[in-house]
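Here is the structure we will look at.
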Amino acid sequence: MALEEYKRKRDFKQTPEPAGKIERGKGHRFVVQKHRASRLHYDFRLEMDGVLKSWAVPKGPSLDPADKRLAMQVEDHPVSYFDFEGIIPSGNYGAGTVMVWDVGTWEPEGGADAMLAKGDLKFRLDGEKLKGSFALVHIHSRRPGNKGTEWLLIKHRDAYVQEGYDIDEYDYSALTNRSIDQIAADSGAQWTSSRPAATGRASKKNDWLADSIAKADAAKRKSAKTTKSATAAANTTAAKKAPAKKKSSGSSGEKKNA
Ligand code: MN
């Protein structure tokens, strides 16, 4: 996978997410994003071959080896997605609140490409929350409707095991220390990147999890339309990166690549 599917699913005039490009040679970082879309899940991403290999983990990762977490492989994301924290406007693919839940580096325990192709990727994580040895294991399910995207994320036994691990006790951003509610309530900050979103009519693209998102976000969509003039002010809270240099023109059609 390159980034074609990522780009196909998104309208970059409507979402502040990065359009992105393949970036080789940056190394082995990982990020876990807590994503409150129509349904809460965690996006587990490994930097590999110039993109972020990505899995959506409904229950999130665990440090308890007894928890074998379902992980649905999704489209590769651009490396520039790495520090994406903020709000994806309603009506867009994956609409909702995104937190950078954990960041760090990862180390494959063997040849990464070969392990990935084989469907048995073993690796070590050195993050703020997740540490030690893990595996992503591809499930070869014969269940009808199985798309071949189902993996399991499993913690190996080592010094970092926490039995009875409860991910809800760790509801804070590795970047900004904010809870998911605080990020969601931070209506001034749609996004902590330098690229402001042009806002306007919502597209009809939906998250793979988001079959009911249109209804769920009906109320929010109304308020999203009012953020057009607030976009410039919104980006002043972008603490991690430089604030947006461009003044929001308020014209919704113009594509901005800051
Ligand atoms: Mn997601």
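The values are calculated or read from the model by the stated rules, or taken from the named source; none is laboratory data. None of the values given here were measured: they were computed from a predicted structure. Neighbour counts are summed over all protein chains in view; Cβ atoms, including those assigned to glycine, are modelled from backbone coordinates with ideal geometry.
Some values worked out for this structure:
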quantity: Residue list for region 27-37, filter: under 19 Å from Ile167 (Cβ atoms) and either more than 10 Å from the ligand (Cβ to nearest atom) or of a type in the set (Ser, Thr, Tyr) (or both); calculated: Phe30, Val31, Val32
quantity: Residues (away from the ligand (no atom under 12 Å from the Cβ) and touching a Pro at 6+ places or on another chain (Cβ under 8 Å)) located in region 38-51; calculated: Val51
quantity: Search result, residues across region 13-26 that are acidic (Asp, Glu) and within 16 Å of the ligand (Cβ to nearest atom); calculated: Glu17
quantity: Candidates His77, His41, filtered to the one that is modelled with pLDDT of 95 or more and crowded, with 20+ Cβ neighbours inside 10 Å; calculated: His41
quantity: Candidate set: region 164-178, residues that are of a type in the set (A, V, I, L, M, F, W, C) and part of a loop (DSSP other than H, G, I, E, B); chosen: the one farthest from Leu130 (Cα to Cα); calculated: Leu175
quantity: Members of region 118-140 that are farther than 27 Å from Glu163 by Cα and either at pLDDT 95 or above or within 16 Å of the ligand (Cβ to nearest atom) (or both); calculated: Lys118
quantity: Residue that is nearest to the chain's Cα centre (by Cα) [pool: residues in region 120-140 that are part of a strand (DSSP E or B) and farther than 16 Å from Trp55 by Cα]; calculated: Gly127
quantity: Positions within region 53-66 being in contact with a Phe, Trp or Tyr (Cβ under 6 Å, 6 or more places away or on another chain) and either within 14 Å of the ligand (Cβ to nearest atom) or aromatic (Phe, Trp, Tyr) (or both), in sequence order; calculated: Trp55, Val57, Gly60
quantity: Where Glu85 falls short, out of the listed (1) away from the ligand (no atom under 11 Å from the Cβ); (2) in contact with a strand residue (DSSP E or B) (Cβ under 7 Å, 6 or more places away or on another chain); (3) free of Cβ contacts under 8 Å to residues at least 24 places away in the same chain; calculated: (3)
quantity: Some residue of region 50-66 being of a type in the set (Val, Ile, Thr) and within 25 Å of Asp166 (Cα to Cα); calculated: yes
quantity: Residue among Arg69, Arg10 that alone is at pLDDT 95 or above and within 15 Å of the ligand (Cβ to nearest atom); calculated: Arg69
quantity: Check on Lys59, in contact with a helix residue (DSSP H, G or I) (Cβ under 8 Å, 6 or more places away or on another chain), crowded, with 19+ Cβ neighbours inside 10 Å and either closer than 23 Å to Leu136 by Cα or touching a residue at least 40 places away in the same chain (Cβ under 8 Å) (or both); calculated: no
quantity: Number of positions in region 137-153 that are under 19 Å from Gly104 (Cβ atoms) and either in contact with an Asp or Glu (Cβ under 8 Å, 6 or more places away or on another chain) or without any contact (Cβ under 8 Å) to a residue 60 or more places away in the chain (or both); calculated: 0
